Amino acid sequence: PTWVCVNHQKDKHRCTMKPLKEMDIYDAYRRAVERLLGNADDIISIIKTNIEEEFATTKEESLEKVSAELIKKQEEIMRMFRRKSCGEVDDETYNQAYAELSREVMALQEQETKLKEMNTKAAIEKQKQMDILAILNEGKAHYMENEVMRMLIETIKVINKHSVEFQFKCGVNIIEKV
């Protein structure tokens with residue numbers, strides 16, 4: 001099997017890069033991982049730092065504040081409704097207050113959703129980094145397995161017919177000769 005640039009496959013004049021043998025790429029990958037594992041302590045340190053930064057960037061405090069503010073606004077709406085029901089507030093005042101509170105609630109709900117998404121993404125990235133860390137701590141035993149390779153590599157970039165760049169998910173890029 002060979003690997004070929006998608007642009008080359010569609011139009012040979014758009015990309016003149018020739019296909020590379022899959023075994024050549026696997027050999028280059030093996031050498032890149034061996035270099036990576038040769039610097040395992042440095043790489044493990046980088047990953048641990050990445051994990052700490054990912055954990056530090058979660059917006060848990062902000063999320064709690066937004067959620068608390070959202071509850072307050074919803075309670076305000078209920079108080080306004082009760083006041084209107086009791087005749088303490090006229091329709092116009094109620095409608096204006098309700099419209100304003102509803103806008104605030106919708107903005108807070110949107111902010112809450114964004115913060116939850118950010119926290120989820122950070123947790124997923126942290127787990128990926130933890131998985132990579134576990135593989136590196138395990139040693140060289142399984143790094144050639146397809147699943148492990150996909151877990152370690154973000155992208156493989158063909159620089160030219162003699163060089164390939166492996167962009168590892170831990171943030172390290174290694175260029176290898178093919």
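Here the label points at Ser62 and Tyr94, each 7 Å from Cα along the C-beta direction, are separated by 3.7 nm in the simple model.
Annotation: amide H of Glu154 within the under-5 Å range of Gln167, Phe168, Lys169, sequence separation 5 or more or interchain, hydrogens built in the peptide plane. Between Ala107 and Met130, the FRET efficiency estimated from the beta carbon spacing at R0 = 41 angstrom works out to 0.75.
Would you mind calculating the gained length between Met17 and Glu34 on full extension (0.36 nm times residue separation, minus the Cα-Cα distance), in nm to one decimal?
Details: separation 17, 0.36 × 17 = 6.12 nm, distance 2.69 nm.
Here the answer is 3.4 nm.
Note on Lys114: lysines with a C-alpha under 16 Å away, same-chain residues under 8 apart excluded, are Lys59, Lys65. Three principal axis extents of region 63-117 based on alpha-carbon atoms, in descending order, are 41, 15, 11 Å. For Lys161, the lysines whose Cα comes closer than 20 Å to its Cα, not counting residues fewer than 8 places off in the same chain, are Lys10, Lys12, Lys18, Lys21, Lys177.
The numbers here are math on the coordinates, done by the rules we state, and not lab data. Just so we're clear, the structure is a prediction, and the values are computed from it rather than from any experiment. Positions of Cβ are generated from backbone atoms using ideal geometry, with glycine treated the same way; all protein chains shown enter the neighbour counts.
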